[in-house]
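Shown next, in structure tokens, is the structure this report addresses.
Here, each number is a calculation from the coordinates, and none is a lab measurement. If you're wondering where the values come from, they're calculated on a predicted model, not measured in any experiment. Here Cβ is always computed from backbone atoms with ideal geometry, including for glycine, and neighbour counts include all displayed protein chains.
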Amino acid sequence: MLKVAIILGSTRPNRVGPIVANWVREIAAQRTDAEFELVDVAELGLPLLDAPLPPAVGQYANQHTKDWAAKVDSFDAYVFVTPEYNHSVPAALKNAIDYLFVEWHNKAAGFVSYGAASGIRAVEALRLILAELKVATVRAQVTLDSYRDFENFYDFKPTERHVEALNVVFDEVVSWGTALRTVRQP
């Protein structure tokens, strides 16, 4: 069965991210075409990149890097849940991505973003970052506007339109993730 990580990229105190990520996980739990696991960057405890060698070398010195590498490597695809900070991704998410290299290769990714501009620019940045890591990003994405989709910027009010859009993201991630397995396996 295809394994998909739902990666929550925000670490800010009182963050909205867990609310959105748990909604994503609840919708994912209704599907039978893949296994989904929530991975919260805030729980990883990764310091600012502290590896003595570049990740492309693949010689990880620190146990936290080895653990993170094993976790990322265990998945076939990803759905990133990210806010937009200053027209880009949260530093903690970028840091977590930058820790590794080959573990990301030839996998698929989709996006659920949120913020004042619906997180669109964070996803644009993630698409560029992930392209360098040989991650195929799917076209569909879910964008959540802080003003229209949340009450008082915190209480998430998903609609049927959001559920439909999320299932399209899942459909594409599962399809691409399945296809890319053939690239990773000789």
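With axes computed from alpha carbons, what is the tilt in degrees of helix 63-73 against the longest principal axis of the chain, rounded to the nearest 10 within 0 to 90? Helix 63-73 sits roughly 70 degrees off the main axis of the chain. Hull volume per residue, based on the alpha-carbon atoms of the range 83-177 and their convex hull, is 91 Å³. Once both labels are positioned 7 Å from their Cα atoms along Cα-to-Cβ, the gap between E160 and D50 label points is 5.1 nm.
Give, in nm to one decimal, the length gained when the segment between E132 and A29 is fully stretched (0.36 nm per residue of separation minus the Cα-Cα distance). Before the final figure, lay out the partial values.
Values: separation 103, 0.36 × 103 = 37.08 nm, distance 3.04 nm.
Net length gain for the segment: 34.0 nm.
Beta bridges from DSSP with both residues in the chain: antiparallel share about 10 percent, rounded to the nearest 5.
State the Cα centre-to-centre distance between the range 87-109 and the range 58-79 in whole Å. What the calculation gives is 11 Å, centre to centre. Over 21 Å apart at the Cα level, from the set K3/K71; K94/K157; K107/K157, are K94/K157; K107/K157.
For the chain, dividing the convex hull volume of the Cα atoms by the residue count gives 109 Å³ per residue. Computed from Cα positions, the angle between helix 120-132 and the longest principal axis of the chain comes to roughly 20 degrees.
Between R139 and A117, what length comes free when the chain is fully extended (0.36 nm per residue of separation minus the Cα-Cα distance, one decimal in nm)? Don't skip to the end; give the middle numbers.
On the way: separation 22, 0.36 × 22 = 7.92 nm, distance 1.83 nm.
Stretched fully, the R139-A117 segment lengthens by 6.1 nm.
Cut-off is 10 Å between beta-carbons; in what order do V39, V20 appear when sorted fewest neighbours first?
Working: V39 19, V20 27.
Sorted ascending by nearby Cβ count, the order is V39, V20.
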